[in-house]
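Since the structure comes first, as structure tokens, the remarks are kept for the end.
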Amino acid sequence: MTPSTTEIVLTPTAEDHRVARHAAAAIVLTVAEAAIPLPLPGVKPGLANIIILVVLARWGWREAVWVALLRVLVSSLLLGQFLAPGFFLSLTGSLASLAVLGFAMHLPGRAFGPVSQSVLAAFAHIGGQLLVARAWLVPHDGVFYLVPVFALAATSFGLVNGLIAARLLQEASAPAPQQAGV
Amino acid sequence: MIPGPALGGWLAAWAAHLKWGDVLVLAGALAACGFSAVALWQGGRPDKAIIKAGGRVFAEVDLNTARILEVPGPLGATRIEIQPGRARVAADPGPRQYCVRQGWLSSAGAVAICAPNQVSLALSGRRADYDSINY
């Protein structure tokens with residue numbers, strides 16, 4: 001058979017597979033999290049960020065961006081939120097936290113671990129979302145009334161997610177994967 | 001609650017992932033929470049009470065110390081009571097007593113008007129959320 005001249009052959013690299021695997025894990029966490037009833041729109045654990053933190057630490061910022069943006073796109077499609085206001089809030093939050101992570105990853109690793117990155121990224125996340133919400137969805141300063149609530153949520157969920165990411169990273173870098181009673 | 005040895009160990013295992021910089025960032029984050037709560041949630045606290053009689057300012061008093069003012073009007077004296085952080089019209093000679101029944105005013109922008117006696121009591125603050133007339 002003569003090979004078609006118009007055929008496009010895509011050979012996924014190892015990096016592509018890795019991005020797809022991590023994005024899939026992040027999407028699963030996002031969809032699972034969407035089932036949790038939330039007291040306030042916007043206050044959610046953001047468990048997918050655990051995956052982003054792990055990818056950032058192990059494979060670098062570029063891959064973390066891929067995973068994060070694929071996560072936003074696909075989970076919005078799955079949840080029927082694509083191009084809805086929630087999608088843009090999610091996208092802005094993601095972009096803001098990725099930008100901050102790009103700086104936070106260069107903090108000296110001796111003193112600052114995944115918890116620092118997680119908390120800083122969580123604050124960037126709510127910051128970006130609040131600015132979009134203020135400029136577009138709720139054009140009134142009343143949205144800022146909720147800032148303390150969002151800040152507290154970012155602190156606590158940032159801490160928890162960062163701790164889980166730190167633990168996953170520690171276990172991934174352990175020399176031999178012995179059966180630990182987790 | 002006294003954490004048992006199992007819980008203590010569990011917490012210690014998680015705390016082992018915290019570096020000193022992380023603690024610093026967490027402290028900063030908590031400070032941001034506290035600061036934003038103070039800055040954004042206390043804007044409605046009143047600073048002073050403005051009492052008017054017959055359209056003119058009768059007195060401006062701060063809300064730090066408790067005191068009672070007698071404000072003269074066409075029907076008689078309206079008694080205004082000030083306490084730390086709040087104020088009310090305690091007694092008024094008007095027929096319907098609307099301003100008395102409003103009770104204590106405690107947020108900036110709140111107003112009690114005793115129209116028949118031409119006396120009003122208003123609380124002012126750095127930032128008023130709303131006024132009593134226009135909810």
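The values are calculated or read from the model by the stated rules, or taken from the named source; none is laboratory data. Just so we're clear, the structure is a prediction, and the values are computed from it rather than from any experiment. FYI the Cβ positions are ideal-geometry reconstructions off the backbone, even for glycines, and counts take in every protein chain you see.
Just a few scattered comments:
- Listed by first and then second residue, the pairs linking a residue in region B:26-40 that is under 12 Å from residue A:145 (Cα atoms) and at the interface with chain A (Cβ under 7 Å from one of its Cβ atoms) to a residue that is surrounded by 16 or more Cβ atoms within 10 Å (Cβ to Cβ) and of a type in the set (Asp, Glu), with Cβ atoms under 8 Å apart and 6 or more places separating them unless they lie on different chains, form an empty list.
- Flag for residue A:33 being out of contact with any Leu (no Cβ under 7 Å at 6 or more places or on another chain), of a type in the set (Asp, Glu) and closer than 26 Å to residue A:104 by Cβ: no
- Among the residues making up region A:27-42, those that are at pLDDT below 95 and surrounded by fewer than 17 Cβ atoms within 10 Å (Cβ to Cβ) are A:31, A:32, A:33, A:34, A:35, A:36, A:37, A:38, A:39, A:40, A:41.
- Residues (part of a loop (DSSP other than H, G, I, E, B) and within 7 Å of chain A (Cβ to nearest Cβ)) located in region B:14-25: B:17, B:18, B:19
- Within region A:1-38, being touching a Phe, Trp or Tyr at 6+ places or on another chain (Cβ under 7 Å) and of a type in the set (Val, Ile, Thr) holds for one residue alone: A:19.
- Taking the criterion of being assigned to a helix (DSSP H, G or I) and over 18 Å from residue B:29 (Cβ atoms), the residues of region A:124-147 that qualify are A:131, A:132, A:133, A:134, A:135, A:136, A:137, A:141, A:142, A:143, A:145.
- So residue B:5, is it closer than 30 Å to residue A:171 by Cα, more than 14 Å from chain A (Cβ to nearest Cβ) and surrounded by fewer than 16 Cβ atoms within 10 Å (Cβ to Cβ): yes
- Filtered residue count, region A:101-136, keeping only those that are surrounded by 14 or more Cβ atoms within 10 Å (Cβ to Cβ), over 18 Å from residue A:153 (Cα atoms) and within 14 Å of chain B (Cβ to nearest Cβ): 8
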